[in-house]
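Structure first, commentary second.
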Amino acid sequence: RDLLTEIEWAKSSLIAPEDYPAAAAKQQRDTPHEPLRIAQVYADYERLKTTPDGLLLDFDDLLLHTAAALEDFPAVAEEFRGRYRSFVVDEYQDVTPLQQRVLNAWLGERDDLTVVGDANQTIYSFTGASPRYLLDFSRRFPDAAVIRLERDYRSTPQVVSLANRVIAAAR
């Protein structure tokens with residue numbers, strides 16, 4: 001892993017630079033450098049984005065500002081909710097806490113949401129993604145219809161069987 005990945009993980013997990021060392025230890029992160037050094041680089045990165053001409057934004061900043069606009073300004077939230085009646089999130093097993101925050105703010109009290117995912121295919125956990133949102137979906141939305149796609153039209157039965165054995169043996 002590199003420094004950028006660690007900063008992305010921290011930002012998408014809503015972890016401030018000063019909280020990075022403790023959070024990394026709690027999550028047992030395999031960090032590429034000493035956690036205190038990563039925290040310093042992260043803090044420097046955030047500071048350097050403020051220039052005399054204004055503020056530079058990365059993708060996570062855009063998500064943070066979007067969440068804040070939806071949470072802090074009801075008129076903005078209502079405008080988006082009125083414009084977009086329902087939402088579809090594909091690869092929901094790879095949603096980060098920050099992405100979930102934006103989705104929650106966008107939805108408000110509504111439940112017009114369709115998600116698609118497979119908890120066994122989480123591949124972005126290094127950025128803070130978690131299948132927890134997918135696995136807890138039916139608890140959060142008890143009236144949701146769960147449709148399991150159990151037939152594979154892209155792979156042979158042998159490939160599916162092998163994949164199922166590998167997944168069953170995974171930790």
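The values are calculated or read from the model by the stated rules, or taken from the named source; none is laboratory data. Please read these numbers as outputs of a predicted model, since none were measured by experiment. Glycine gets a Cβ as well: all are built from the backbone with ideal geometry, and neighbour counts include every protein chain shown. Note: accessible area is taken over every heavy atom of the protein model, side chains too, but ligands, DNA and RNA are not part of it. Shrake-Rupley method; radii C 1.70, N 1.55, O 1.52, S 1.80 Å.
Values computed for the structure shown
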quantity	calculated
Accessible-area composition of region 46-151, carbon plus sulfur, in percent [1.4 Å probe]	54
Net lengthening on full extension, residue 147/residue 22 (0.36 nm per residue, minus Cα-Cα)	41.1 nm
In sequence order, calculated HN-Hα J values of region 53-70 (Karplus, 6.51, -1.76, 1.60; Hz; x Gly/Pro)	8, x, 9, 8, 10, 9, 4, 5, 4, 4, 5, 4, 5, 5, 4, 4, 4, 5
Accessible surface, the chain, averaged per residue in Å² (probe 1.4 Å)	70
Net charge dipole size for the chain [Lys, Arg +1 and Asp, Glu -1 on Cβ; Debye, nearest 20]	680
Cβ-based charge dipole, the chain, positive-most Cα from 93, 103, 7	93
FRET efficiency estimate (nearest 0.05) - Cβ-Cβ, residue 168 to residue 73, R0 45 angstrom	0.40
In nm, spacing of pseudo-spin labels at residue 126 and residue 112 (7 Å Cα→C-beta vector)	3.8
Positive-end extreme of charge dipole, region 19-76 - chosen from 38, 51, 70 (charges on Cβ)	38
Cα gyration tensor shape of region 3-71, rounded if a/c is under 1.5, else prolate or oblate by comparing a/b with b/c	oblate
Chain lengthening between residue 2 and residue 65 when straightened (0.36 nm per residue, less Cα-Cα)	20.2 nm
Modelled FRET efficiency - R0 35 Å, residue 55 with residue 138, Cβ distances, 0.05 increments	0.30
Label of the coordinate-derived value, mean projected area of the Cα convex hull in nm², listed as [x] 10.6; [y] 13.3; [z] 11.6	[y]
Computed E for residue 154/residue 87 - FRET, C-beta separation, R0 35 angstrom, nearest 0.05	0.85
